[in-house]
1. Would you mind computing, in nm to one decimal, how far apart the modelled labels at residue 84 and residue 214 are, each placed 7 Å from Cα along Cα→Cβ?
2. Working out 0.36 nm times the residue gap between residue 376 and residue 238, then minus their Cα-Cα distance, what length gain in nm do you get to one decimal?
3. Between region 385-408 and region 135-167, what is the C-alpha centre distance in whole Å?
4. Between residue 173 and residue 254, what is the label-to-label distance in nm when each label sits 7 Å out along the Cα-to-Cβ direction?
5. Sticking with the crude label model, points 7 Å out along Cα→Cβ, report the distance from residue 278 to residue 245 in nm, one decimal please.
6. Suppose the chain between residue 200 and residue 290 were pulled fully straight at 0.36 nm per residue; how much longer would it get relative to their current alpha carbon spacing?
7. For the ranges 242-255, 113-126, what's the packing order if you count other beta-carbon atoms within 10 Å of each residue, average per peptide, and put the highest first?
8. Starting from 0.36 nm per residue, how many nanometres of slack lie between residue 231 and residue 187 once their C-alpha separation is accounted for?
């Protein structure tokens, strides 16, 4: 096999008598950190084929992340777990991204400071540091014809829940001001960044991002297999890996984070899950409107006729915090990681499927339906572009070929392999 081995400063390949071995020369790679706990030497314990060595490099060694300042990481960890980032002081980042639950909360519809479902389940944050760009979660509410959608950096995306009224209360500036008044927190920011200035919006996003970049893939049978431990996977699991590679799963779930970071159409237009999300979004919208009217006195309400209430509700709708949830009708979604997937249910952004095997079978079926309904998909995407709801150009991906039909045995093998991405 002839392979082009990717390179980066401080990384060099050497071939000994049998295994491929990657050495990381930290002295010649200042400011770089390899995304692996074995940061000084990623070597095989057993002979490794050239193709597996290349795959190992692509998974772990091209994921070179910026060096993180330990003081910023610890400050980010402290704030991640602190309810001080929420308006009511009752919700923290860890409320929905619980470290004891693989950095998610196990709910189908996560609940924030507004004590109401936010419109999606919280995804795991494992390996999120390998994703470069993120879709703006507020795009559904701010979309206008002709307006180009924004993309966010990890630092900006870490601040987005603070700005969401349903999640943490709605004002980054108020949170920054509150933290700035706390002398101990202000001093920690100055020490972390080596100077004065205290708490700023940019620094807050930076320390949160520094912490979540440390949330790397857990030790698992598949990682041991990539490192050369051939007995780490069973015959069934190896069969599942072959299906994963051959049916296109790895086209999207690739790289060190097992995510290409792009947005793909995964739901067929008019499918039952989109209809279910839209129905739930409608119920959430009604509840938010009810809360708005609960602020009015009975006398005020009696003076408004039904038609006037409907018109006012229509005007009010775009200003409601996340009234439609996370864009319930959006076809394209950003690829999530598969690391630790066995422990991160319920699955899909609506949390509608509690079991991994059922989620895999449904995803295969829906991806095939997307291909069969490609004319309807194209029409829906065209409509989204006209309304300003299209996927940002940096995240847009070309359509992938469908996986085709999988037998019951093939799905069982694929699920067996996916379980090797979690600790045994």
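Every read-out reported here was derived from the displayed coordinates using simple, explicitly stated rules and does not represent laboratory data. Not measured: the values here are computed from a predicted model. Don't worry about glycine lacking a Cβ; one is built from the backbone with ideal geometry, like all the others, and counts go over all protein chains shown.
1. About 1.8 nm separates the two model spin labels.
2. Numbers: separation 138, 0.36 × 138 = 49.68 nm, distance 3.68 nm.
Taking 0.36 nm per residue and subtracting the Cα distance, the gain is 46.0 nm.
3. 20 Å
4. Taking the two extended label points, one gets 4.4 nm.
5. For the pair residue 278/residue 245, the computed spacing is 4.2 nm.
6. Numbers: separation 90, 0.36 × 90 = 32.40 nm, distance 3.58 nm.
Gain on extension, residue 200 to residue 290, equals 28.8 nm.
7. The densest-packed peptide leads the list: 113-126, 242-255.
8. On the way: separation 44, 0.36 × 44 = 15.84 nm, distance 5.08 nm.
Separation in residues times 0.36 nm, less the Cα-Cα distance, equals 10.8 nm.
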